[in-house]
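Undergrad: Structure incoming, see below.
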Amino acid sequence: MKTWTINLAGFGTVGAGLWNHLQSHTDLLRQRVQAEFKIQKIAVRDIAKARGVPSEMLTTDLLSLAKDPRAEILVELIGGIEPAYTLVKTALQNGKHVVTANKALLAAHGQELLALAAKQNRHLLFEASVAGAIPIIKTLREGLAANKILSIHGIINGTCNYILSRMEAERLDYATVLAEAKRLGYAEADEALDVDGHDTAHKAIILAALVYGLWVDENQIYIEGIRKIDRLDQEFAARLGYTLKLIAIIQSADGKEVDIRVHPTLLPQRHVLASVHGVFNAVAIRGDAIGDALFYGRGAGALPTTSAVAADLIEIARNVLPTSSLPIITADNAPRLKPIAEVLSRYYLRLNVVDRPGVLAQIATILSKHTIGISSVIQPEGHPGDVVPLILMVHDARESAFQEARKEIEALPFISPPAIVIRVEDFV
Ligand code: NAP
Ligand code: HSE
């Protein structure tokens, strides 16, 4: 089995996340790509900080990672433009594949670095640079490649969306929520990049380049952040039926003139983007063939971002040594199909019952015998002796137990079958 040797620059929120992910997902990665990924060197600024990795792996000499003949892939997770630019360029010049999450770097030098990667016949992949866990780069490059993209409207900064959502929902002040976003690892090392709209703009520049082939300089586009947003405006907007979000807009009717901008925007509350809260991002894409499509997921944080970085490693492994994109299954690890009888679910149960004393007690006894708890009951008032609906919501139950209970309940003399059963998904 092939082992890919990786040098990792940066061991902060995302770098440490990648280290942990590669340790905990070794078997899954073997299954997916018949390969292992081994980090051999890690560059950090402060070598004395405790990090839970063997100290001989650490270095402060960034460029040694890029020149190291043993490494095949350089993962850049230090952020910022320099020394990241020199590092990535040197790595490509030295024949490494590069994976980065650095949108500031790509917005400033993406065109040149991608051209260098192509010239060197190496990958420069950057799925984590836009919209965190949402595979929006692969979606645009692959799944939607046959569409003319008419517009992209994105909530693509987790920190800003987290701040705006909590200010609106909990009436918290800006500074309190920003501190929380930093604690959770959502914000950039320089949080001004988030709240002043620059991080969103960097991502918009990358998306515009992918879709329209137009690389613009940050100074050429309109960028307004959320620093001056007042809770009062959120309240007035809500009364008018709107929600305030920081939106990136990238659109072109003909591909000849492209509108790229970032600013706080009022969205009608009925629009799907208005219900994207907290650290979640969403990208609404209109294509000439697909019409409207929405992509939604966590936009920042160690695990979601790591998922995107690791996906790029997998892409390199698959492209360089083509393997099946299906997992490798052996007799030992073959999964089984879970029978419906074993599934746990909550249920809505509507019964037609004769309205008389003791009915609910008998139904509850049957459910309890099958260890099924009732979470709520509705019974509209009726006249004694009339048939009335009785609606029960029950807690998680095994399908087989629930169906047994249902049969017993349907057989009760005061029930008029059939019972109506609908499974409940709480998305917890
Ligand atoms: P971070 O927590 O600030 O970590 C940065 C790491 O880089 C630290 O380990 C730091 O070393 C190291 N570093 C910085 N400058 C260095 C230098 N000159 N030489 C050697 N090491 C250096 O940053 P992060 O949140 O992980 O973000 C990393 C990248 O991912 C950024 O480009 C960011 O925009 C991007 N990103 C982040 C997220 C997120 O949710 N956090 C999501 C998507 C993309 P020390 O530990 O010694 O200080
Ligand atoms: N600071 C960025 C954000 C990280 O909050 O969206 C993810 O790119």
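Undergrad: Only helical DSSP H runs with n ≥ 4 go in: add -39500 (n - 2.57) per run for the chain, normalise by residue count and round the 222 nm mean residue ellipticity to 500 deg cm²/dmol. Please list the in-between numbers first.
TA: Working: 13 runs with 147 residues, N = 428.
So the calculated ellipticity at 222 nm is -10500 deg cm²/dmol.
Undergrad: So if I place +1 on the C-beta of Lys and Arg and -1 on the C-beta of Asp and Glu, and nothing else carries charge, what would the dipole magnitude of region 206-303 be about its Cα centre? I want it in debye, nearest 20.
TA: In total the dipole reaches around 400 debye.
Undergrad: While we're here: When the Cα centres of region 4-18 and region 118-182 are compared, how far apart do they sit, in Å?
TA: 20 Å
Undergrad: Right, next: Taking θ = phi - 60°, what integer Hz values does the Karplus form 6.51 cos²θ - 1.76 cosθ + 1.60 yield along region 123-140, in sequence order, with x for Gly and Pro?
TA: Going residue by residue, I get 7, 10, 10, 8, 4, 6, 6, 10, 6, x, 6, 6, x, 7, 5, 5, 4, 6 Hz, with x marking Gly and Pro.
Undergrad: Please find the FRET efficiency linking T59 to I81, where r is the Cβ-Cβ separation and R0 is fixed at 22 Å, and quote it to the nearest 0.05.
TA: The formula returns an efficiency of 0.55 here.
Undergrad: For the chain, which whole-number percentage of the solvent-accessible area (1.4 Å probe, protein heavy atoms only) is attributable to carbon and sulfur atoms?
TA: 53 percent
Undergrad: May I pose another question? Find the accessible area per residue for the chain; the probe is 1.4 Å, ligands and nucleic acids are left out, and the unit is Å².
TA: On a per-residue basis, 49 Å².
Undergrad: Taking amide hydrogens as modeled 1.01 Å from N in the peptide plane, which residues meet the under 5 Å criterion relative to L124, leaving out close sequence neighbours?
TA: V98
Undergrad: A further question on this structure: Where a Cα-Cα gap under 29 Å defines reach, which lysines qualify for K245, not counting those fewer than 8 residues away within the same chain?
TA: K103, K138, K148, K182, K203, K228, K256
Undergrad: Oh, and also: Once amide H atoms are placed 1.01 Å from N in the peptide plane, what residues at a sequence separation of 5 or more from G132, or on another chain, have their amide H within under 5 Å of its amide H?
TA: Amide H to amide H, under 5 Å and 5 or more residues apart or across chains, G132 pairs with nothing.
Undergrad: Could you name the aspartates and glutamates in cross-link range of K407, using Cα to Cα under 15 Å and dropping any fewer than eight places away on the same chain?
TA: E399
Undergrad: Which of the lysines could be linked to K41 by a straight reach, that is with a Cα gap under 16 Å, when you skip same-chain ones fewer than 8 residues away?
TA: K49, K67, K96
Undergrad: Semi-axes of the equivalent ellipsoid for the chain, please: Cα gyration tensor eigenvalues, times 5, square-rooted, ordered largest first, whole Å.
TA: Working: eigenvalues 468, 175, 87 Å².
In descending order, the three semi-axes are 48, 30, 21 Å.
Undergrad: Moving on to the next point. Using only alpha-carbon positions, what ratio does the radius of gyration of region 315-428 give when scaled by 2.2 N^0.38 Å?
TA: 1.62
Undergrad: Suppose every K and R has +1 on its Cβ and every D and E has -1 on its Cβ; what is the size of the dipole of region 1-86 about the Cα centre, in Debye to the nearest 20?
TA: On the way: 10 positive and 9 negative charges, 40 e Å.
Result for region 1-86 is approximately 200 debye, rounded to the nearest 20.
Undergrad: Please give the charge dipole size of the chain, origin at the Cα centre, charges +1 on K and R Cβ atoms and -1 on D and E Cβ atoms. Round to the nearest 20 debye.
TA: Numbers: 44 positive and 47 negative charges, 179 e Å.
Around 860 debye, computed over the chain.
Undergrad: Right, next: Taking H placed 1.01 Å from N in the peptide plane, check which residues at least 5 places from Y347 or on another chain put their amide H under 5 Å from its amide H.
TA: The answer is V394, V424.
The values are calculated or read from the model by the stated rules, or taken from the named source; none is laboratory data. Just so we're clear, the structure is a prediction, and the values are computed from it rather than from any experiment. Positions of Cβ are backbone-derived with ideal geometry, glycine not excepted, and every protein chain shown enters the neighbour counts. Just so you know, the surface numbers come from the protein's heavy atoms only, side chains and all, with ligands and any DNA or RNA stripped out. Shrake-Rupley method; radii C 1.70, N 1.55, O 1.52, S 1.80 Å.
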